[in-house]
Amino acid sequence: MPRGPRLDSPGTLHHVIIRGIEKREIVADDKDRGIFVSRMGPVALKTGTNVYAWALMTNHAHILLKSGQPGLSAFMRKFLAGFLFEEGSAIWSVGICSVSDYQNSCRC
């Protein structure tokens, strides 16, 4: 059964889960972890997103955030696309997830 549409209203509090396809790693080494962490702040500022907490494990990540005016999808698209295609990222060449590969639950 397909999932329902994402609630993507600006100012909504979201618990986002990013997972690797088939439970594969989303970060392979410290360089990947650094890229993940260093991209989050600038993308949040550009999209007006407030990041309250995050946890990064090898095969998934959790982010607690309040979406900015462009909405959750704009933040996730910019954040994941930049992370996945960062030059030198160890996961860049293995195609472990897609830009739309995240889950969210919403608390209003």
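Are there any pairs with C-beta distances below 9 angstrom linking a residue in region 1-28 that is of a type in the set (A, V, I, L, M) and in a loop (DSSP other than H, G, I, E, B) to a residue that is modelled with pLDDT of 85 or more and surrounded by fewer than 16 Cβ atoms within 10 Å (Cβ to Cβ), with the two at least 6 apart or on different chains, and if so which?
Note: pairs meeting the criteria are I26/M57; I26/T58; I26/N59; V27/R33; V27/M57; V27/T58; V27/N59; A28/T58.
Can you spot a residue in region 47-60 that is in contact with a Gly (Cβ under 7 Å, 6 or more places away or on another chain), β-branched (V, I, T), at pLDDT 80 or above and assigned to a helix (DSSP H, G or I)?
yes
Among (1) surrounded by 16 or more Cβ atoms within 10 Å (Cβ to Cβ); (2) of a type outside the set (K, R); (3) closer than 15 Å to D8 by Cβ, which single condition is Q69 missing?
Unmet condition: (1).
Could you list, in sequence order, the residues of region 20-32 that are of a type in the set (D, E, K, R) and either at pLDDT 90 or above or under 11 Å from the mean Cα position of the chain (by Cα) (or both)? Before you say what the answer is, go through the steps one by one.
To start, the set of residues in region 20-32 that are of a type in the set (D, E, K, R) comprises 22-25, 29-32.
Residue satisfying the conditions is D30 alone.
Just the residues that are under 22 Å from T12 (Cα atoms) and either surrounded by 16 or more Cβ atoms within 10 Å (Cβ to Cβ) or free of Cβ contacts under 8 Å to residues at least 24 places away in the same chain (or both), please, taken from region 38-51. Write out each step before concluding.
Of the residues in region 38-51, the ones under 22 Å from T12 (Cα atoms) are 39-51.
Correct list: R39, M40, G41, P42, V43, A44, L45, T47, G48, T49, N50, V51.
Please state which of the following conditions G11 fails to meet, knowing it meets all the rest: (1) at positive phi; (2) surrounded by 15 or more Cβ atoms within 10 Å (Cβ to Cβ).
Condition (2) is where G11 drops out.
The values are calculated or read from the model by the stated rules, or taken from the named source; none is laboratory data. Note that this is a predicted model, so its numbers are computed, not measured. Using ideal geometry, Cβ is built from the backbone for each residue, glycine included, and neighbour counts are taken over all protein chains shown.
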